[in-house]
Amino acid sequence: MSGNQSPKTIATINFKGGVGKTTVTWCLADTLATYSDASVLMFDLDAQMSLTQAVGLNEDSGTLHPAFGNWYEKSVNNRRTIFDAIDQYTKPAAHFDFPIAYDFIYQISKSLHFVPSVEDLYWLELEVFDRDQMKDFMRRLLGKIGHSGKVADYSYVLFDCPPSFTLLSYSVLACCDLVLIPVNPDFFASRGVSLLLNSLKMRIEPHPTPQIAVFMNKTKTYAEAPTKETAFYMRQIEQICQRTSREQGIRATFFDDAWVRDRVGIKRAITGGGVPADLVKDFQGLWSACLGVLK
Amino acid sequence: MSSDSEFRTPEQEVLRLLEECSELRRLLKSISAQVGRMENRLKQAFPGVASQAHERRIGGTHSSTPSITPEQALAEFDRVVALAAVGANDQAERILEGKSAVDLLVIAKELGIALPKSKPSIRAMREAIFGKVRESVLLTRHHARTQATPPEQRATVLTNAMDELTRKLGLLQTPSVGATKTWAKRARELRDQGKSWDQSGLIAASETFSAEFSPTKYDNQNGSKIEALVDAIERQN
(Lines give C-alpha, C1' and ligand atoms only; values in the text may rest on other atoms or scores of the structure.)
Protein backbone atom coordinates (compact mmCIF):
# COMPACT_ATOMS: atom_id res chain seq x y z
CA MET A 1 0.00 0.00 0.00
CA SER A 2 1.16 3.62 -0.29
CA GLY A 3 4.73 3.25 0.95
CA ASN A 4 4.62 2.32 4.59
CA GLN A 5 1.27 4.00 5.09
CA SER A 6 -1.84 1.91 5.64
CA PRO A 7 -4.64 2.69 3.24
CA LYS A 8 -7.70 4.52 4.53
CA THR A 9 -10.59 2.09 4.75
CA ILE A 10 -14.22 3.05 4.23
CA ALA A 11 -17.22 0.75 4.65
CA THR A 12 -20.53 1.69 3.04
CA ILE A 13 -23.30 0.22 5.14
CA ASN A 14 -26.97 0.57 5.95
CA PHE A 15 -29.29 -2.20 7.08
CA LYS A 16 -32.07 -0.70 4.99
CA GLY A 17 -31.98 -2.10 1.48
CA GLY A 18 -32.18 0.06 -1.62
CA VAL A 19 -30.57 3.21 -0.21
CA GLY A 20 -27.77 3.04 -2.79
CA LYS A 21 -24.88 1.38 -0.96
CA THR A 22 -23.57 -0.41 -4.03
CA THR A 23 -23.94 2.54 -6.39
CA VAL A 24 -22.34 4.93 -3.92
CA THR A 25 -19.39 2.59 -3.33
CA TRP A 26 -18.82 2.25 -7.04
CA CYS A 27 -19.27 5.94 -7.84
CA LEU A 28 -16.91 7.02 -5.06
CA ALA A 29 -14.29 4.52 -6.16
CA ASP A 30 -14.68 5.43 -9.82
CA THR A 31 -14.57 9.19 -9.15
CA LEU A 32 -11.41 8.75 -7.10
CA ALA A 33 -9.71 6.48 -9.61
CA THR A 34 -10.66 8.69 -12.57
CA TYR A 35 -10.16 12.20 -11.23
CA SER A 36 -7.28 11.76 -8.76
CA ASP A 37 -3.94 9.98 -8.53
CA ALA A 38 -5.24 7.63 -5.86
CA SER A 39 -5.27 3.90 -6.36
CA VAL A 40 -8.41 2.27 -5.05
CA LEU A 41 -9.29 -1.25 -4.00
CA MET A 42 -13.00 -2.06 -3.80
CA PHE A 43 -14.54 -5.09 -2.04
CA ASP A 44 -17.98 -6.53 -2.70
CA LEU A 45 -18.90 -8.26 0.57
CA ASP A 46 -22.57 -8.68 -0.19
CA ALA A 47 -23.67 -12.23 -1.03
CA GLN A 48 -26.27 -10.67 -3.34
CA MET A 49 -23.25 -9.92 -5.57
CA SER A 50 -24.85 -6.81 -7.09
CA LEU A 51 -21.57 -4.94 -7.42
CA THR A 52 -19.77 -7.99 -8.79
CA GLN A 53 -22.42 -8.59 -11.40
CA ALA A 54 -22.63 -4.91 -12.30
CA VAL A 55 -18.86 -4.68 -12.77
CA GLY A 56 -18.86 -7.63 -15.12
CA LEU A 57 -22.18 -7.10 -16.84
CA ASN A 58 -22.38 -6.37 -20.54
CA GLU A 59 -25.52 -4.24 -20.84
CA ASP A 60 -26.05 -5.11 -24.48
CA SER A 61 -25.91 -8.87 -24.20
CA GLY A 62 -26.97 -9.19 -20.56
CA THR A 63 -24.02 -11.52 -19.96
CA LEU A 64 -20.71 -11.09 -18.15
CA HIS A 65 -17.92 -9.32 -20.03
CA PRO A 66 -15.66 -12.08 -21.37
CA ALA A 67 -12.56 -10.60 -19.69
CA PHE A 68 -14.17 -10.44 -16.25
CA GLY A 69 -16.13 -13.66 -16.79
CA ASN A 70 -12.97 -15.64 -17.61
CA TRP A 71 -11.01 -14.10 -14.76
CA TYR A 72 -13.85 -14.77 -12.29
CA GLU A 73 -14.24 -18.38 -13.33
CA LYS A 74 -10.51 -18.97 -12.90
CA SER A 75 -10.55 -17.25 -9.54
CA VAL A 76 -13.41 -19.49 -8.32
CA ASN A 77 -11.87 -22.68 -9.76
CA ASN A 78 -8.45 -21.94 -8.27
CA ARG A 79 -9.98 -21.12 -4.90
CA ARG A 80 -8.79 -17.53 -4.88
CA THR A 81 -12.00 -15.83 -3.78
CA ILE A 82 -12.83 -13.90 -0.63
CA PHE A 83 -14.63 -17.00 0.68
CA ASP A 84 -11.48 -19.09 0.19
CA ALA A 85 -9.52 -16.46 2.07
CA ILE A 86 -11.97 -16.76 4.99
CA ASP A 87 -11.87 -20.54 4.74
CA GLN A 88 -8.09 -20.50 4.96
CA TYR A 89 -8.12 -17.97 7.80
CA THR A 90 -10.55 -19.95 9.93
CA LYS A 91 -8.90 -23.34 9.53
CA PRO A 92 -7.93 -24.55 12.99
CA ALA A 93 -4.27 -24.06 13.87
CA ALA A 94 -3.27 -23.13 10.34
CA HIS A 95 -1.06 -20.21 9.39
CA PHE A 96 -2.95 -17.65 7.34
CA ASP A 97 -0.97 -18.00 4.13
CA PHE A 98 -3.59 -17.12 1.55
CA PRO A 99 -1.64 -15.97 -1.54
CA ILE A 100 -2.37 -12.40 -2.64
CA ALA A 101 -2.01 -11.70 -6.36
CA TYR A 102 -4.08 -10.58 -9.32
CA ASP A 103 -5.93 -13.87 -9.36
CA PHE A 104 -7.60 -12.67 -6.15
CA ILE A 105 -7.87 -8.99 -7.13
CA TYR A 106 -9.38 -8.01 -10.49
CA GLN A 107 -8.01 -4.93 -12.26
CA ILE A 108 -10.96 -2.92 -13.59
CA SER A 109 -8.63 -0.10 -14.63
CA LYS A 110 -5.08 0.99 -13.82
CA SER A 111 -6.05 2.54 -10.53
CA LEU A 112 -9.32 0.81 -9.68
CA HIS A 113 -9.05 -2.77 -8.49
CA PHE A 114 -11.75 -5.07 -7.23
CA VAL A 115 -12.29 -8.08 -4.98
CA PRO A 116 -15.62 -9.61 -6.09
CA SER A 117 -18.18 -11.43 -4.03
CA VAL A 118 -19.07 -15.12 -4.31
CA GLU A 119 -22.33 -16.86 -3.66
CA ASP A 120 -20.69 -18.98 -0.94
CA LEU A 121 -20.94 -15.91 1.29
CA TYR A 122 -24.64 -16.72 1.65
CA TRP A 123 -23.72 -19.69 3.81
CA LEU A 124 -20.87 -18.06 5.64
CA GLU A 125 -22.82 -17.69 8.88
CA LEU A 126 -23.51 -21.42 8.89
CA GLU A 127 -19.98 -22.46 7.98
CA VAL A 128 -18.20 -20.19 10.43
CA PHE A 129 -19.88 -19.92 13.78
CA ASP A 130 -17.20 -18.22 15.77
CA ARG A 131 -17.64 -14.46 15.80
CA ASP A 132 -14.38 -13.94 17.67
CA GLN A 133 -12.56 -16.02 15.11
CA MET A 134 -13.71 -13.72 12.31
CA LYS A 135 -13.17 -10.37 13.98
CA ASP A 136 -9.56 -9.91 12.82
CA PHE A 137 -10.00 -11.47 9.40
CA MET A 138 -10.24 -8.26 7.38
CA ARG A 139 -7.45 -6.57 9.30
CA ARG A 140 -5.18 -9.53 8.59
CA LEU A 141 -6.23 -9.74 4.95
CA LEU A 142 -5.51 -6.03 4.39
CA GLY A 143 -2.14 -6.56 6.05
CA LYS A 144 -1.41 -9.38 3.64
CA ILE A 145 -2.46 -7.27 0.65
CA GLY A 146 -0.20 -4.47 1.85
CA HIS A 147 2.81 -6.70 2.27
CA SER A 148 2.33 -9.02 -0.70
CA GLY A 149 4.41 -6.93 -3.11
CA LYS A 150 2.45 -8.51 -5.94
CA VAL A 151 -0.39 -6.03 -6.17
CA ALA A 152 -0.61 -2.23 -6.22
CA ASP A 153 -0.07 0.04 -3.24
CA TYR A 154 -3.60 1.13 -2.48
CA SER A 155 -4.39 4.56 -1.08
CA TYR A 156 -7.99 3.70 -0.26
CA VAL A 157 -10.01 0.55 0.32
CA LEU A 158 -13.79 0.73 -0.07
CA PHE A 159 -16.18 -1.98 1.14
CA ASP A 160 -19.70 -2.54 -0.14
CA CYS A 161 -21.29 -4.20 2.90
CA PRO A 162 -24.42 -6.35 3.00
CA PRO A 163 -27.66 -4.91 4.38
CA SER A 164 -27.35 -6.98 7.55
CA PHE A 165 -24.90 -7.57 10.34
CA THR A 166 -22.92 -10.58 9.08
CA LEU A 167 -19.67 -11.99 10.40
CA LEU A 168 -17.90 -10.41 7.45
CA SER A 169 -19.39 -6.97 8.05
CA TYR A 170 -18.45 -7.33 11.73
CA SER A 171 -14.90 -8.03 10.64
CA VAL A 172 -14.90 -4.94 8.40
CA LEU A 173 -16.51 -2.64 10.96
CA ALA A 174 -13.96 -3.78 13.52
CA CYS A 175 -11.10 -2.45 11.45
CA CYS A 176 -12.33 0.30 9.11
CA ASP A 177 -11.52 4.00 9.49
CA LEU A 178 -14.89 5.32 8.37
CA VAL A 179 -18.40 3.89 8.26
CA LEU A 180 -20.26 5.69 5.51
CA ILE A 181 -24.04 5.48 5.75
CA PRO A 182 -26.12 6.56 2.77
CA VAL A 183 -29.69 7.52 3.62
CA ASN A 184 -32.69 8.51 1.52
CA PRO A 185 -35.23 11.27 2.12
CA ASP A 186 -37.94 9.06 3.56
CA PHE A 187 -39.03 7.79 6.95
CA PHE A 188 -37.92 4.18 6.57
CA ALA A 189 -34.37 4.99 5.49
CA SER A 190 -34.06 7.60 8.25
CA ARG A 191 -35.30 5.07 10.78
CA GLY A 192 -32.67 2.65 9.46
CA VAL A 193 -29.93 5.16 10.31
CA SER A 194 -31.35 5.66 13.74
CA LEU A 195 -31.43 1.91 14.40
CA LEU A 196 -27.92 1.44 13.05
CA LEU A 197 -26.39 4.26 15.07
CA ASN A 198 -28.07 3.08 18.24
CA SER A 199 -26.78 -0.45 18.05
CA LEU A 200 -23.49 -0.21 16.16
CA LYS A 201 -21.27 0.42 19.16
CA MET A 202 -22.76 -2.48 21.08
CA ARG A 203 -22.26 -4.82 18.10
CA ILE A 204 -18.66 -3.82 17.42
CA GLU A 205 -17.45 -3.87 21.01
CA PRO A 206 -14.84 -4.52 22.33
CA HIS A 207 -13.37 -2.85 19.24
CA PRO A 208 -13.51 0.94 19.23
CA THR A 209 -16.35 2.31 17.10
CA PRO A 210 -14.99 3.86 13.91
CA GLN A 211 -15.79 7.37 12.76
CA ILE A 212 -19.29 7.38 11.27
CA ALA A 213 -20.55 9.66 8.52
CA VAL A 214 -24.11 9.87 7.25
CA PHE A 215 -25.10 11.61 4.03
CA MET A 216 -28.25 12.07 1.99
CA ASN A 217 -28.29 9.99 -1.16
CA LYS A 218 -31.02 10.26 -3.83
CA THR A 219 -31.60 13.85 -2.77
CA LYS A 220 -34.61 15.43 -4.44
CA THR A 221 -33.62 18.87 -5.62
CA TYR A 222 -35.26 22.11 -6.66
CA ALA A 223 -33.12 24.94 -8.07
CA GLU A 224 -29.91 23.03 -7.24
CA ALA A 225 -30.83 22.69 -3.56
CA PRO A 226 -32.55 19.94 -1.59
CA THR A 227 -36.34 20.25 -1.55
CA LYS A 228 -38.02 21.19 1.72
CA GLU A 229 -39.14 17.59 2.19
CA THR A 230 -35.56 16.33 1.78
CA ALA A 231 -34.34 19.12 4.06
CA PHE A 232 -36.76 17.90 6.74
CA TYR A 233 -35.16 14.45 6.74
CA MET A 234 -31.66 15.92 6.58
CA ARG A 235 -32.42 17.93 9.69
CA GLN A 236 -33.92 14.90 11.43
CA ILE A 237 -30.89 12.76 10.65
CA GLU A 238 -28.50 15.48 11.75
CA GLN A 239 -30.30 15.59 15.09
CA ILE A 240 -30.17 11.78 15.34
CA CYS A 241 -26.40 11.90 14.71
CA GLN A 242 -25.91 14.55 17.37
CA ARG A 243 -28.08 12.75 19.90
CA THR A 244 -26.58 9.30 19.41
CA SER A 245 -23.06 10.74 19.48
CA ARG A 246 -23.88 12.27 22.84
CA GLU A 247 -25.75 9.31 24.29
CA GLN A 248 -23.79 6.39 22.83
CA GLY A 249 -20.34 7.94 22.93
CA ILE A 250 -19.78 7.50 19.20
CA ARG A 251 -18.54 9.93 16.56
CA ALA A 252 -21.35 10.31 14.04
CA THR A 253 -21.26 13.23 11.62
CA PHE A 254 -23.96 14.23 9.19
CA PHE A 255 -22.76 15.79 5.94
CA ASP A 256 -25.27 18.58 5.50
CA ASP A 257 -23.42 20.02 2.49
CA ALA A 258 -22.27 16.84 0.81
CA TRP A 259 -25.41 15.26 -0.59
CA VAL A 260 -25.85 13.27 -3.78
CA ARG A 261 -28.78 14.07 -6.00
CA ASP A 262 -31.38 11.63 -7.20
CA ARG A 263 -30.84 10.59 -10.77
CA VAL A 264 -32.74 8.16 -12.90
CA GLY A 265 -30.58 5.38 -14.28
CA ILE A 266 -27.62 6.00 -11.97
CA LYS A 267 -27.07 2.24 -11.71
CA ARG A 268 -26.04 2.28 -15.34
CA ALA A 269 -22.96 4.24 -14.19
CA ILE A 270 -21.44 0.95 -13.15
CA THR A 271 -22.22 -0.98 -16.29
CA GLY A 272 -22.20 1.93 -18.69
CA GLY A 273 -18.79 3.51 -18.30
CA GLY A 274 -18.45 5.77 -15.33
CA VAL A 275 -20.16 8.30 -13.12
CA PRO A 276 -22.46 10.66 -15.09
CA ALA A 277 -20.91 14.11 -15.59
CA ASP A 278 -23.63 15.88 -13.58
CA LEU A 279 -22.94 13.70 -10.55
CA VAL A 280 -19.15 13.86 -10.53
CA LYS A 281 -19.21 17.06 -8.47
CA ASP A 282 -21.57 15.49 -5.94
CA PHE A 283 -19.25 12.54 -5.42
CA GLN A 284 -16.17 14.74 -5.32
CA GLY A 285 -17.90 16.80 -2.63
CA LEU A 286 -18.82 13.64 -0.75
CA TRP A 287 -15.25 12.44 -0.94
CA SER A 288 -13.89 15.75 0.38
CA ALA A 289 -16.31 15.51 3.28
CA CYS A 290 -15.14 11.94 3.99
CA LEU A 291 -11.53 13.06 4.00
CA GLY A 292 -12.48 15.91 6.31
CA VAL A 293 -13.69 13.53 9.01
CA LEU A 294 -10.84 11.08 8.43
CA LYS A 295 -8.21 13.70 9.17
CA MET B 1 -70.77 -17.86 -13.42
CA SER B 2 -68.93 -19.58 -16.19
CA SER B 3 -70.07 -23.07 -17.02
CA ASP B 4 -66.79 -24.87 -16.23
CA SER B 5 -65.71 -22.91 -13.17
CA GLU B 6 -67.31 -21.75 -9.98
CA PHE B 7 -65.50 -18.40 -10.28
CA ARG B 8 -66.81 -15.40 -12.18
CA THR B 9 -65.22 -14.54 -15.51
CA PRO B 10 -63.36 -11.20 -15.69
CA GLU B 11 -66.32 -9.70 -17.61
CA GLN B 12 -68.78 -10.87 -14.94
CA GLU B 13 -66.46 -9.52 -12.24
CA VAL B 14 -66.32 -6.09 -13.90
CA LEU B 15 -70.10 -5.93 -14.20
CA ARG B 16 -70.51 -6.86 -10.57
CA LEU B 17 -67.98 -4.25 -9.41
CA LEU B 18 -69.67 -1.58 -11.52
CA GLU B 19 -72.99 -2.41 -9.87
CA GLU B 20 -71.37 -2.12 -6.43
CA CYS B 21 -69.82 1.23 -7.42
CA SER B 22 -73.12 2.71 -8.52
CA GLU B 23 -74.79 1.45 -5.36
CA LEU B 24 -72.11 3.16 -3.25
CA ARG B 25 -72.45 6.35 -5.28
CA ARG B 26 -76.19 6.44 -4.61
CA LEU B 27 -75.52 5.88 -0.91
CA LEU B 28 -72.89 8.65 -0.73
CA LYS B 29 -75.19 11.08 -2.52
CA SER B 30 -77.95 10.42 -0.04
CA ILE B 31 -75.52 10.84 2.92
CA SER B 32 -74.17 14.06 1.42
CA ALA B 33 -77.68 15.46 0.99
CA GLN B 34 -78.57 14.51 4.55
CA VAL B 35 -75.38 16.16 5.96
CA GLY B 36 -76.10 19.30 3.88
CA ARG B 37 -79.63 19.53 5.32
CA MET B 38 -78.29 19.13 8.87
CA GLU B 39 -75.65 21.80 8.27
CA ASN B 40 -78.25 24.27 7.01
CA ARG B 41 -80.52 23.65 9.99
CA LEU B 42 -77.58 24.19 12.37
CA LYS B 43 -76.58 27.41 10.62
CA GLN B 44 -80.12 28.70 10.95
CA ALA B 45 -80.30 27.74 14.63
CA PHE B 46 -76.84 29.12 15.61
CA PRO B 47 -75.84 31.82 13.08
CA GLY B 48 -73.03 33.27 15.29
CA VAL B 49 -71.25 29.97 15.85
CA ALA B 50 -71.62 29.07 12.20
CA SER B 51 -69.80 32.22 11.03
CA GLN B 52 -66.97 31.57 13.54
CA ALA B 53 -66.62 28.02 12.28
CA HIS B 54 -66.45 29.32 8.73
CA GLU B 55 -63.61 31.71 9.60
CA ARG B 56 -61.67 28.96 11.34
CA ARG B 57 -62.14 26.65 8.38
CA ILE B 58 -60.82 29.04 5.79
CA GLY B 59 -57.82 29.71 7.96
CA GLY B 60 -58.25 33.03 9.76
CA THR B 61 -58.21 35.48 6.91
CA HIS B 62 -57.71 38.39 9.32
CA SER B 63 -53.94 37.99 9.35
CA SER B 64 -52.31 37.26 6.05
CA THR B 65 -48.69 37.79 7.11
CA PRO B 66 -47.03 35.17 9.27
CA SER B 67 -45.77 36.14 12.71
CA ILE B 68 -42.86 33.68 12.57
CA THR B 69 -39.82 33.31 10.31
CA PRO B 70 -38.94 29.96 8.69
CA GLU B 71 -36.20 29.46 11.33
CA GLN B 72 -38.67 30.14 14.14
CA ALA B 73 -41.10 27.73 12.49
CA LEU B 74 -38.54 24.94 12.72
CA ALA B 75 -37.74 25.87 16.32
CA GLU B 76 -41.47 25.69 17.13
CA PHE B 77 -41.62 22.29 15.47
CA ASP B 78 -38.70 21.10 17.61
CA ARG B 79 -40.49 22.36 20.73
CA VAL B 80 -43.61 20.39 19.81
CA VAL B 81 -41.52 17.28 19.04
CA ALA B 82 -39.75 17.56 22.40
CA LEU B 83 -43.11 17.67 24.19
CA ALA B 84 -44.55 14.77 22.19
CA ALA B 85 -41.40 12.73 22.81
CA VAL B 86 -42.00 12.82 26.58
CA GLY B 87 -45.65 11.93 26.17
CA ALA B 88 -47.07 15.45 26.55
CA ASN B 89 -49.19 15.11 23.42
CA ASP B 90 -52.00 17.31 24.72
CA GLN B 91 -49.59 20.14 25.41
CA ALA B 92 -47.98 19.65 22.00
CA GLU B 93 -51.36 19.75 20.29
CA ARG B 94 -52.34 22.88 22.23
CA ILE B 95 -49.26 24.69 20.87
CA LEU B 96 -50.36 23.91 17.34
CA GLU B 97 -53.97 24.85 18.14
CA GLY B 98 -52.75 28.27 19.24
CA LYS B 99 -51.14 28.97 15.88
CA SER B 100 -52.81 31.01 13.18
CA ALA B 101 -53.36 29.55 9.74
CA VAL B 102 -50.53 31.52 8.15
CA ASP B 103 -48.08 30.43 10.83
CA LEU B 104 -49.16 26.84 10.44
CA LEU B 105 -48.63 27.21 6.72
CA VAL B 106 -45.07 28.44 7.29
CA ILE B 107 -44.34 25.47 9.57
CA ALA B 108 -45.89 23.05 7.09
CA LYS B 109 -43.88 24.52 4.21
CA GLU B 110 -40.62 24.36 6.16
CA LEU B 111 -41.27 20.70 6.92
CA GLY B 112 -41.79 20.01 3.24
CA ILE B 113 -45.40 18.95 3.73
CA ALA B 114 -47.25 18.75 0.43
CA LEU B 115 -50.71 20.12 1.16
CA PRO B 116 -53.30 19.09 -1.36
CA LYS B 117 -55.10 22.44 -1.81
CA SER B 118 -53.98 26.06 -2.25
CA LYS B 119 -56.02 27.06 0.81
CA PRO B 120 -55.77 24.10 3.17
CA SER B 121 -57.91 24.07 6.28
CA ILE B 122 -56.35 24.67 9.66
CA ARG B 123 -57.32 21.18 10.69
CA ALA B 124 -55.62 19.62 7.67
CA MET B 125 -52.44 21.60 8.34
CA ARG B 126 -52.42 20.73 12.03
CA GLU B 127 -52.90 17.06 11.27
CA ALA B 128 -50.16 17.08 8.66
CA ILE B 129 -47.73 18.84 11.02
CA PHE B 130 -48.59 16.50 13.84
CA GLY B 131 -47.95 13.61 11.47
CA LYS B 132 -44.40 14.90 11.04
CA VAL B 133 -44.13 15.28 14.82
CA ARG B 134 -45.05 11.63 15.28
CA GLU B 135 -42.60 10.67 12.55
CA SER B 136 -39.84 12.58 14.29
CA VAL B 137 -40.62 10.95 17.65
CA LEU B 138 -40.65 7.49 16.07
CA LEU B 139 -37.28 8.10 14.47
CA THR B 140 -35.61 8.40 17.84
CA ARG B 141 -37.45 5.73 19.81
CA HIS B 142 -35.40 2.58 20.48
CA HIS B 143 -35.63 -0.52 22.55
CA ALA B 144 -32.18 -1.96 22.02
CA ARG B 145 -31.62 -5.25 23.78
CA THR B 146 -28.51 -7.33 23.93
CA GLN B 147 -30.45 -10.56 24.42
CA ALA B 148 -34.02 -11.72 24.74
CA THR B 149 -34.15 -12.18 28.51
CA PRO B 150 -31.36 -11.12 30.89
CA PRO B 151 -29.73 -14.10 32.66
CA GLU B 152 -30.73 -12.82 36.10
CA GLN B 153 -34.38 -12.65 34.97
CA ARG B 154 -34.13 -16.18 33.53
CA ALA B 155 -32.78 -17.39 36.87
CA THR B 156 -35.71 -15.75 38.67
CA VAL B 157 -38.25 -17.46 36.40
CA LEU B 158 -36.65 -20.85 37.10
CA THR B 159 -36.41 -20.20 40.85
CA ASN B 160 -40.07 -19.19 40.99
CA ALA B 161 -41.08 -22.31 39.04
CA MET B 162 -39.05 -24.51 41.40
CA ASP B 163 -40.62 -22.91 44.49
CA GLU B 164 -44.09 -23.39 43.07
CA LEU B 165 -43.34 -27.01 42.16
CA THR B 166 -42.13 -27.65 45.73
CA ARG B 167 -45.34 -26.20 47.14
CA LYS B 168 -47.65 -27.90 44.67
CA LEU B 169 -46.15 -31.36 45.13
CA GLY B 170 -45.79 -30.91 48.89
CA LEU B 171 -42.05 -31.66 48.80
CA LEU B 172 -40.05 -31.21 52.00
CA GLN B 173 -37.36 -29.15 50.29
CA THR B 174 -36.82 -27.43 46.96
CA PRO B 175 -35.32 -29.89 44.46
CA SER B 176 -32.09 -29.19 42.58
CA VAL B 177 -32.14 -27.54 39.13
CA GLY B 178 -31.14 -30.86 37.55
CA ALA B 179 -33.92 -32.80 39.30
CA THR B 180 -36.47 -30.12 38.37
CA LYS B 181 -35.51 -30.35 34.70
CA THR B 182 -35.62 -34.14 34.83
CA TRP B 183 -39.13 -33.95 36.29
CA ALA B 184 -40.27 -31.52 33.56
CA LYS B 185 -38.79 -33.69 30.81
CA ARG B 186 -40.46 -36.84 32.17
CA ALA B 187 -43.79 -35.05 32.63
CA ARG B 188 -43.64 -33.90 29.01
CA GLU B 189 -42.90 -37.47 27.83
CA LEU B 190 -45.86 -38.86 29.77
CA ARG B 191 -48.12 -36.14 28.45
CA ASP B 192 -46.99 -36.98 24.90
CA GLN B 193 -47.91 -40.58 25.59
CA GLY B 194 -51.50 -39.48 26.23
CA LYS B 195 -51.68 -39.00 30.02
CA SER B 196 -53.40 -35.94 31.48
CA TRP B 197 -51.18 -33.12 32.79
CA ASP B 198 -52.01 -33.95 36.42
CA GLN B 199 -51.25 -37.64 35.90
CA SER B 200 -48.02 -36.80 34.07
CA GLY B 201 -46.87 -34.46 36.85
CA LEU B 202 -47.64 -36.97 39.59
CA ILE B 203 -46.02 -39.97 37.89
CA ALA B 204 -42.93 -37.90 37.00
CA ALA B 205 -42.74 -36.67 40.60
CA SER B 206 -43.00 -40.18 42.07
CA GLU B 207 -40.17 -41.29 39.76
CA THR B 208 -37.95 -38.24 40.26
CA PHE B 209 -38.52 -37.31 43.90
CA SER B 210 -39.54 -40.78 45.12
CA ALA B 211 -38.12 -40.42 48.65
CA GLU B 212 -39.90 -37.25 49.63
CA PHE B 213 -43.00 -37.25 47.46
CA SER B 214 -46.43 -38.41 48.50
CA PRO B 215 -49.35 -38.11 46.07
CA THR B 216 -51.67 -37.23 48.95
CA LYS B 217 -49.86 -33.93 49.44
CA TYR B 218 -50.45 -32.87 45.85
CA ASP B 219 -52.38 -29.60 45.64
CA ASN B 220 -54.39 -29.83 42.47
CA GLN B 221 -56.63 -26.86 43.30
CA ASN B 222 -54.39 -23.84 43.82
CA GLY B 223 -51.45 -22.17 42.12
CA SER B 224 -49.95 -22.84 38.71
CA LYS B 225 -51.03 -25.76 36.59
CA ILE B 226 -48.57 -28.58 35.87
CA GLU B 227 -48.57 -27.61 32.18
CA ALA B 228 -47.49 -24.04 32.99
CA LEU B 229 -44.74 -25.26 35.32
CA VAL B 230 -43.35 -27.71 32.75
CA ASP B 231 -43.45 -24.97 30.14
CA ALA B 232 -41.67 -22.45 32.38
CA ILE B 233 -38.94 -24.94 33.29
CA GLU B 234 -38.42 -26.07 29.69
CA ARG B 235 -38.04 -22.51 28.46
CA GLN B 236 -35.11 -21.95 30.84
CA ASN B 237 -33.03 -24.67 29.19
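Please work out which one of (1) closer than 21 Å to A:CYS161 by Cα; (2) touching a residue at least 12 places away in the same chain (Cβ under 8 Å); (3) within 11 Å of chain B (Cβ to nearest Cβ) is the condition A:ALA269 fails and give its number.
The number of the failed condition is (3).
For region B:183-191, does any single residue satisfy the condition of being surrounded by fewer than 14 Cβ atoms within 10 Å (Cβ to Cβ), modelled with pLDDT of 90 or more and charged (D, E, K, R)? Don't jump to the end; show me each part of the working.
Kept after step one, since they are surrounded by fewer than 14 Cβ atoms within 10 Å (Cβ to Cβ), are these residues of region B:183-191: B:189.
Restricting the remaining residues to those that are modelled with pLDDT of 90 or more gives B:189.
Imposing the further condition that a residue be charged (D, E, K, R) reduces the set to B:189.
Yes, there is a match, as at least one residue in region B:183-191 is surrounded by fewer than 14 Cβ atoms within 10 Å (Cβ to Cβ), modelled with pLDDT of 90 or more and charged (D, E, K, R).
Assuming B:VAL137 fulfils every condition listed in (1) at pLDDT below 90; (2) surrounded by fewer than 18 Cβ atoms within 10 Å (Cβ to Cβ); (3) closer than 27 Å to A:SER199 by Cα apart from one, which condition is it?
Single failed check for B:VAL137: (2).
I'd like to verify a number: residues in region A:186-196 that are surrounded by 19 or more Cβ atoms within 10 Å (Cβ to Cβ) and facing chain B (nearest Cβ under 7 Å), how many?
The total comes to 3.
Which of the helices (runs of 4 or more DSSP H) found entirely inside region A:115-183 contain at least 3 residues meeting this: surrounded by fewer than 19 Cβ atoms within 10 Å (Cβ to Cβ)?
A:124-127, A:131-134, A:137-147
So which residues in region A:209-242 are within 11 Å of another protein chain (Cβ to nearest Cβ), of a type in the set (Val, Ile, Thr) and closer than 14 Å to A:TRP259 by Cβ?
Within region A:209-242, A:THR227, A:THR230, A:ILE237 meet the criteria.
Got a sec? Which of A:SER245, A:SER199 is at the interface with chain B (Cβ under 8 Å from one of its Cβ atoms), closer than 24 Å to A:CYS175 by Cα and not in a loop (DSSP other than H, G, I, E, B)?
A:SER199
What pairs come out if I take residues in region B:105-127 that are assigned by TED's automatic domain parsing to the domain that holds B:ALA92 and pair them with residues that are β-branched (Val, Ile, Thr) and assigned to a helix (DSSP H, G or I) whose C-beta lies under 6 Å away, six or more apart or interchain?
Note: pairs meeting the criteria are B:ILE107/B:ILE129; B:ALA108/B:ILE129.
Does region A:204-225 hold any residues that are among the hydroxyl-bearing types (Ser, Thr, Tyr) and modelled with pLDDT under 90, and which are they? Don't jump to the end; show me each part of the working.
Here is the first cut: in region A:204-225, the residues among the hydroxyl-bearing types (Ser, Thr, Tyr) are A:209, A:219, A:221-222.
Within region A:204-225, A:THR209 is the sole residue that qualifies.
Could you tell me whether A:ASP278 is closer than 14 Å to A:MET216 by Cβ and over 18 Å from the mean Cα position of the chain (by Cα)?
On the way: closer than 14 Å to A:MET216 by Cβ: no; over 18 Å from the mean Cα position of the chain (by Cα): yes.
Here the answer is no, as A:ASP278 does not meet what is asked.
The values are calculated or read from the model by the stated rules, or taken from the named source; none is laboratory data. What you are looking at is a predicted structure, and each value in this text was computed from that prediction instead of being measured. Positions of Cβ are backbone-derived with ideal geometry, glycine not excepted, and every protein chain shown enters the neighbour counts.
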